[in-house]
Amino acid sequence: MPAFTASSPGKAILFGEHAVVYGQPAIAVPIRQVQARAILTPSPRSQPGAIRIQAPAIGLDADLQSLPADHPLAMCIRLVLTHLNLRDAPACKVRITSTIPLAAGLGSGAAVSVALIRVFSAYLGKPFPPKLVSELAYQVEKLYHGTPSGIDNSVVTYARPVYFVRGQPIEMLQSPAPFTLVIGDTGIASPTAEAVADVRLAWQSDPEHYETLFNEIGALVREARFALEKGQIERCGALMDLNHTLLRKMGISSQELDRLVECARQAGALGAKLSGGGRGGNMIALATSESADHIRARLAAAGASRTIVSRVEEQK
Ligand code: PMV
């Protein structure tokens with residue numbers, strides 16, 4: 001039997017991280033230059049139920065049965081089995097690889113879950129539809145994030161720019177003007193769960209201040225959607241700058257992020273901001289196809305540990 005494969009892109013949040021956890025809208029786009037991939041090879045000579053999971057990047061090579069219930073990779077497979085009312089599956093080996101940096105705000109956890117759920121449901125002859133894939137990946141996101149909004153699993157599953165409001169049907173965004181993002185990694189790993197928990201504590205101790213910030217971000221995201229749909233890319237850049245200012249006020253930027261954001265602006269970006277959980281991880285800059293390489297070089301010279309240039313355009 002041939003191998004089954006599934007891949008999922010990384011993602012970047014263009015607008016609205018953190019406030020999205022509190023019901024405000026956010027906009028995210030897939031980043032196709034980085035991918036998580038799951039390759040499943042049937043093992044017809046092994047006992048049914050013998051499912052081997054290999055993820056070399058995290059040093060994992062184990063049988064499904066030996067992994068605890070809260071292991072994210074095991075949970076993906078068990079969620080698929082439960083959904084199909086199966087106790088186990090024909091023996092196989094699943095190998096997971098990813099070029100998406102970990103704990104960097106690029107959606108690596110969600111992309112791995114989506115690829116694994118897809119490959120496993122396809123192997124069982126019931127490839128799950130996107131809505132179900134995203135819902136199951138959301139269950140796993142809760143392990144990583146605690147109280148995730150659901151934006152990561154959504155954008156990674158649909159692999160299209162999305163306008164996302166927690167608990168509402170996802171909306172795909174169409175922009176008539178393609179645009180280019182330059183992503184710069186501070187190289188500082190920053191678990192999203194910690195940043196989200198800190199914002200929650202800060203909100204609890206000063207709800208008025210934080211709700212004002214969340215509302216301002218929400219208004220800005222609605223305007224950004226309008227600008228994107230009209231192809232007003234320069235306006236989007238200005239709104240990214242504004243979003244970064246509000247995220248700083250929320251206390252989730254850092255010196256390194258601020259430095260790279262400023263560097264991108266000096267290098268001609270239309271706008272720049274941190275992206276994702278903050279504190280460390282990545283920032284993004286809005287560029288034109290002409291300015292992107294220069295911005296990337298300047299970010300690298302300023303100490304970005306990794307840079308990615310990604311063109312965001314409509315999928316035909
Ligand atoms: O750090 P990331 O890219 O996984 O993004 C998290 C986005 C937050 O809004 C901070 C949390 C969430 O669940 O939406």
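Scanning the range 264-295 for residues that are of a type in the set (Lys, Arg), open to solvent by less than 10 Å² (accessible area, probe 1.4 Å) and at positive phi yields no hits at all. State all residues of the range 100-113 that are at pLDDT 95 or above and either open to solvent by 10 Å² or more (accessible area, probe 1.4 Å) or assigned by TED's automatic domain parsing to the domain that holds residue 275 (or both); if no residue qualifies, say none. Across the range 100-113, the qualifying residue is only 112. If I ask for residues that are among the small types (Gly, Ala, Ser), in contact with a Lys or Arg (Cβ under 6 Å, 6 or more places away or on another chain) and over 23 Å from residue 201 (Cα atoms), which ones from the range 235-271 would you list? Correct list: 267 only. Across the range 1-14, the number of residues qualifying as of a type in the set (Gly, Ala, Ser), open to solvent by 50 Å² or more (accessible area, probe 1.4 Å) and part of a strand (DSSP E or B) comes to 1.
Number of residues in the range 189-213 that are over 25 Å from residue 282 (Cα atoms) and not in a helix (DSSP H, G or I): the value is 1.
For the range 264-316, the set of residues classified as of a type in the set (D, E, K, R) and away from the ligand (no atom under 16 Å from the Cβ) consists of 265, 290, 293, 296, 298, 311, 313, 314, 316, listed by residue number.
On the stretch given as the range 114-135, residues that are open to solvent by less than 10 Å² (accessible area, probe 1.4 Å) and part of a loop (DSSP other than H, G, I, E, B) total 0.
Quick check, is residue 156 within 16 Å of the ligand (Cβ to nearest atom), modelled with pLDDT of 95 or more, of a type in the set (Val, Ile, Thr) and farther than 28 Å from residue 292 by Cβ? So residue 156 fails the test. Candidates in the range 64-86 are the residues that are in contact (Cβ under 8 Å) with a residue 24 or more places away in the chain and not aliphatic (A, V, I, L, M); of these, the one that is farthest from the ligand (Cβ to nearest atom) is 83.
Residue by residue through the range 102-113, note down the ones that are within 11 Å of the ligand (Cβ to nearest atom) and either touching a strand residue (DSSP E or B) at 6+ places or on another chain (Cβ under 8 Å) or part of a loop (DSSP other than H, G, I, E, B) (or both). Hits for the range 102-113 are 102, 103, 104, 105, 106, 107, 108, 110, 111. Of all residue pairs spaced 6 or more apart or on separate chains, those with beta-carbon atoms under 9 Å, a first member in the range 189-209 that is in the same structural domain as residue 251 (by TED's automatic domain parsing) and within 19 Å of residue 143 (Cβ to Cβ) and a second member that is open to solvent by 80 Å² or more (accessible area, probe 1.4 Å) and part of a helix (DSSP H, G or I) are 191/144; 192/144; 193/144.
Annotation: residue 96 fulfils all but one of (1) in contact (Cβ under 8 Å) with a residue 60 or more places away in the chain; (2) within 16 Å of the ligand (Cβ to nearest atom); the unmet one is (2). When the range 136-147 is filtered for residues that are more than 12 Å from the ligand (Cβ to nearest atom) and either surrounded by fewer than 18 Cβ atoms within 10 Å (Cβ to Cβ) or within 15 Å of residue 106 (Cα to Cα) (or both), the ones remaining, listed by number, are 139, 143. Being among the β-branched types (Val, Ile, Thr) and not in a helix (DSSP H, G or I) is the filter; apply it to the range 251-291 and report the residue that is farthest from the chain's Cα centre (by Cα). Going through the qualifying residues, I end up with 288. Of the listed requirements (1) outside any helix (DSSP H, G or I); (2) open to solvent by less than 10 Å² (accessible area, probe 1.4 Å); (3) not polar (S, T, N, Q), residue 239 misses just one: (1). Pick from 150, 184: which is within 15 Å of the ligand (Cβ to nearest atom), crowded, with 22+ Cβ neighbours inside 10 Å and free of Cβ contacts under 8 Å to residues at least 24 places away in the same chain? From the options 150, 184, the qualifying one is 150.
Residue count for the range 245-263 under the criterion of being open to solvent by 10 Å² or more (accessible area, probe 1.4 Å), within 16 Å of the ligand (Cβ to nearest atom) and within 24 Å of residue 300 (Cβ to Cβ): the result is 4. For the range 187-198, the set of residues classified as more than 13 Å from residue 148 (Cα to Cα) and either open to solvent by less than 20 Å² (accessible area, probe 1.4 Å) or within 15 Å of the chain's Cα centre (by Cα) (or both) consists of 189, 190, listed by residue number.
The values are calculated or read from the model by the stated rules, or taken from the named source; none is laboratory data. Small disclaimer: the values here were computed from a predicted structure and weren't measured. For neighbour counting, all protein chains shown are included, and Cβ atoms are generated from backbone atoms with ideal geometry for every residue, glycine included. Just so you know, the surface numbers come from the protein's heavy atoms only, side chains and all, with ligands and any DNA or RNA stripped out. Shrake-Rupley method; radii C 1.70, N 1.55, O 1.52, S 1.80 Å.
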